[in-house]
Amino acid sequence: MRSLPALALVALTLILAGCGPRAAGEKNADIVDAEQALELVRDGALLVDVQDFLRYNRAHIAGAVNVSRADIVINYPVPGLVAPPEQIEEVMSDRGIGSDTLVLAYDANANMDAARLWWTLKYYGHDSVKVVSGGLDALEAAGAEITSEVSAVVPAVFKASAPRSEMLIDMAGVREQVEDPEPGTVLIDVRSLDEYTEGTIPGSICLDYTGNNYPDGTYRPVQHIRIRYLEEGIDYNDSVIVYCVTSMRAAQTYLALYNAGYRDIKLYDGGWIEWSADPENPVQTPEEATIRATTSDIS
């Protein structure tokens, strides 16, 4: 993909300013700020803490139930794959999350685990889910009470819908793209620059997931996200495939793009750990001269 010329980028940015999803903090966004999240809680939404259980036990937002990463993945044949629907149904029901529950997911991990829960629920047809930008720290700064007391749970009934296959791509699909590249399709490796230079899926662009966040762990605004990816020539007409090692960081990028208006996005769930384990898969070691910037110049 070629970066857009500066004038074209400015023009597109001005056009985009009046359309697409609203910025984080507004009611129709998939990413909300902490203040908006607390307003939604007062209206009946459920906070879901996506830390592991030990960290949840030490500190979480009062009233939040816990759904950890381990609850929503399986580790065979490779770690971190999306769990089957019956597992998701059991976990959500046990945590008091019903099919009509508005879920507000947060973590203390650069929005990665919350985004993975968001992606999983969306994949199984549950659209009533948002991610709290900045997670635990942002909620505490907004006045939420921190506690170590495990929240009481009222069991609910959660029914998973048929998986949205368009949100996922497997290794065979990625290999097909590598061997016979489809115009308008871009592979984004969201790992660090060091990881990328050690080896990547051929044809991938390196755009570190950390560039989607401010240093305080909150997501950058919608317009910043749009500009970041438009600078790499990735626009709304492209088909985007995102991956990392086990696609936790990739889920964070998936959400950033979705919230900014991108819709043709696929998560390569097996990620680099699956790709690199198969000796038949080609691996590219990028030359320094071809490596793209991992963060935007936007402050």
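The numbers here are math on the coordinates, done by the rules we state, and not lab data. Because the structure is a prediction, the values reported are computed rather than measured. Glycine gets a Cβ as well: all are built from the backbone with ideal geometry, and neighbour counts include every protein chain shown.
Roughly how many debye, to the nearest 20, is the charge dipole of the chain about its Cα centre, given +1 on each Lys and Arg Cβ, -1 on each Asp and Glu Cβ, and no other charges? All intermediate terms of the calculation are to be shown ahead of the outcome.
Numbers: 22 positive and 45 negative charges, 131 e Å.
Around 620 debye, computed over the chain.
To the nearest 10 degrees, how steep is helix 6-16 against the longest Cα principal axis of the chain, on a 0 to 90 scale?
Roughly 30 degrees, rounded to the nearest 10.
Y214 to T147: extension gain in nm, 0.36 nm per residue of separation minus the Cα-Cα distance?
Result for the pair: 21.5 nm of gain on full extension.
Using label points projected 7 Å from each Cα along Cα→Cβ, tell me how many nm separate R55 and A156, to one decimal.
Between R55 and A156, the simple spin-label model gives 2.3 nm.
Identify the residues of region 202-238 with backbone N under 13 Å of a label point that sits 7 angstrom from the Cα of E182 along the Cα-to-Cβ direction, or state none.
Once the point is set 7 Å along Cα→Cβ of E182, 238 turn out to lie under 13 Å by backbone N, inside region 202-238.
Say the dipole of region 166-290 comes from +1 at the beta carbon of Lys and Arg and -1 at that of Asp and Glu; which of N212, M167, W275 then lies farthest toward its positive end?
So the residue we want is N212.
Ranked by Cβ crowding within 10 angstrom, fewest neighbours first, how are D235, D264, D113 ordered?
Going from sparsest to densest Cβ surroundings: D264, D235, D113.
Using a basic spin-label model with each label point 7 Å from the Cα along Cα→Cβ, how many nm lie between D264 and S192?
Distance between the two pseudo-spin positions: 3.4 nm.
For the chain, what is the calculated [θ] at 222 nm in deg cm²/dmol (nearest 500), taking -39500 (n - 2.57) for each run of four or more DSSP H residues and dividing by its residue count?
Per the formula, -9000 deg cm²/dmol.
Evaluate the charge dipole of region 119-228 about its Cα centre and quote only its size in Debye, nearest 20, assuming +1 on the Cβ of each Lys and Arg and -1 on the Cβ of each Asp and Glu.
480
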